[in-house]
1. Given the conditions (1) crowded, with 17+ Cβ neighbours inside 10 Å; (2) under 17 Å from the mean Cα position of the chain (by Cα), and given that Leu313 satisfies all but one, which numbered condition is not satisfied?
2. Within the stretch 96-115, is even one residue open to solvent by 30 Å² or more (accessible area, probe 1.4 Å), at pLDDT 95 or above and of a type in the set (Asp, Glu)?
3. Within 21 Å of Arg346 (Cα to Cα) and crowded, with 16+ Cβ neighbours inside 10 Å: is that true of Val35 in this structure?
4. From the list Lys84, Lys41, exactly one residue is surrounded by fewer than 20 Cβ atoms within 10 Å (Cβ to Cβ), under 23 Å from Asp347 (Cα atoms), over 15 Å from the mean Cα position of the chain (by Cα) and among the charged types (D, E, K, R). Which is it?
5. State which residue pairs qualify: first residue farther than 15 Å from Leu286 by Cα and inside the stretch 256-276, second residue of a type in the set (Val, Ile, Thr) and outside any strand (DSSP E or B) in any location, beta carbons under 6 Å apart, and separation of 6 or more residues or different chains.
6. Could you please find all residues in the stretch 323-365 being open to solvent by 30 Å² or more (accessible area, probe 1.4 Å), of a type in the set (Gly, Ala, Ser) and either without any contact (Cβ under 8 Å) to a residue 60 or more places away in the chain or outside any helix (DSSP H, G or I) (or both)?
7. Just one of Asp309, Asp285 is charged (D, E, K, R) and at pLDDT below 90; which is it?
8. Check whether at least one residue in the stretch 36-59 is touching a helix residue (DSSP H, G or I) at 6+ places or on another chain (Cβ under 7 Å), in contact (Cβ under 8 Å) with a residue 24 or more places away in the chain and among the small types (Gly, Ala, Ser), and report yes or no.
Amino acid sequence: MTRAREDIPVVIIGAGPAGLAAAECLQKRKISNVVLEAGPKLAAALRRVDPKMRLLSPTTLSLLPEMKRRVSEPNYLPFNDLVKELELYTEQHQIAVVSGATVIAVERRGTGFKVSFRPSEEAQQSIEATHVINATGIISHPQLPQNFNPDECSFRWLHSLETRAEDLSKTRNLLVVGGGASAAEVLERWLEVRRPTDKAWLSVRSSLRVFPHWICGIDIHYFVWLPEQLPVRFFGCCMGRLNEPMTGLTVKRAIGKRIIARVPGVSRYERDGVLLSDGRHLQPDLVVFATGFRYETQHLNGLLELDPDGRPLVHNCESTRTRGLFLLGYRFGRTFASPYLRGIGRDADYIAGRIAESRKPQAVPAKAMI
């Protein structure tokens with residue numbers, strides 16, 4: 001027996017902030033949904049972040065749909081508190097999460113989808129879906145430089161995701177590769193724990209773009225909140241090539257005082273150190289790769305159109321190749337704020353609205369009724 005379209009759920013892949021926001025926005029419209037999370041608990045990827053690290057944007061701008069800020073919450077949430085808030089959010093809105101469910105493949109089936117996943121220690125299963133919202137995020141997939149082979153290097157290295165203050169306090173010669181927000185976070189923590197004789201290098205291939213965190217005592221995120229809502233489609237198809245800027249002037253000032261030395265990009269990673277593009281050789285005892293993350297879409301093979309750089313092409317968060325497949329939390333998915341907490345909630349509500357419209361019964365033309 002064929003199931004009615006309204007009885008078939010929307011499948012959400014990922015139970016981080018994006019996936020939970022999508023579930024809440026769908027439930028508000030009385031649309032059934034299934035949330036599949038590969039980790040053992042919701043927000044599994046966020047639990048890998050240093051729990052002491054705080055969000056860059058203010059708490060008031062980082063709330064999900066129908067999430068209320070509590071008076072006791074700090075102005076900038078530590079990641080540990082963010083995870084607790086997500087757990088409370090899930091309980092309050094009665095969002096059901098299937099944990100330990102790794103999505104293997106998403107396939108087109110007529111106007112809908114077949115989502116195949118493998119629960120923990122169980123046989124592969126599949127579920128039918130009218131729409132799919134991919135909310136896998138980026139934290140689960142840290143990127144390393146293409147010319148770096150760990151097996152060929154003897155020096156210690158970490159990705160910025162795994163770096164903690166205790167790692168930095170033991171380091172006498174630190175090299176940070178990459179110039180975005182993650183690099184700033186690592187170097188700011190190093191400045192707090194360093195010894196006077198310790199050295200740090202910042203390796204960047206292109207110009208270092210730095211935005212102040214505060215302007216006249218006001219967080220810059222309040223100034224950019226409105227421009228961030230502009231649709232990215234007005235700015236061309238090469239937005240994905242823009243590098244993440246560094247927020248805050250602490251590192252820039254440390255470079256000016258020669259506490260941190262800025263050096264060019266790494267030409268080659270060698271056994272005991274690195275060769276810079278200007279011919280200099282450095283021997284750090286710790287290399288931290290602040291080289292970003294990759295938005296996971298491997299399970300969507302064949303359903304996405306890619307740009308020349310291999311990035312998925314979307315229009316208002318929807319795949320340009322496959323109608324009904326949405327990428328939530330994807331950089332420049334709809335607006336400049338799309339990958340951040342301050343934009344995820346709005347995109348989730350927008351996607352849920354689109355799905356609700358598509359699930360409405362289609363009017364039958366008058367001639368067809370004769």
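1. Looking at each condition in turn, Leu313 falls short on (1).
2. yes
3. Numbers: within 21 Å of Arg346 (Cα to Cα): yes; crowded, with 16+ Cβ neighbours inside 10 Å: yes.
Considered against the rule, which asks whether it is within 21 Å of Arg346 (Cα to Cα) and crowded, with 16+ Cβ neighbours inside 10 Å, Val35 comes out as yes.
4. Just one listed residue meets the conditions, Lys84.
5. As it stands, the answer is Arg262/Ile255, since those pairs meet every condition given.
6. Within the stretch 323-365, Ala363 is the sole residue that qualifies.
7. Asp309 is the lone residue from the list that is charged (D, E, K, R) and at pLDDT below 90.
8. Yes, the stretch 36-59 contains a residue that is touching a helix residue (DSSP H, G or I) at 6+ places or on another chain (Cβ under 7 Å), in contact (Cβ under 8 Å) with a residue 24 or more places away in the chain and among the small types (Gly, Ala, Ser).
The values are calculated or read from the model by the stated rules, or taken from the named source; none is laboratory data. These numbers come from a predicted model, not from an experiment. Cβ sites come from the backbone with ideal geometry, for glycine too, and all protein chains shown count toward neighbours. Quick note on the areas: whole protein, heavy atoms, side chains included, nothing else; ligands and nucleic acids left out. Shrake-Rupley method; radii C 1.70, N 1.55, O 1.52, S 1.80 Å.
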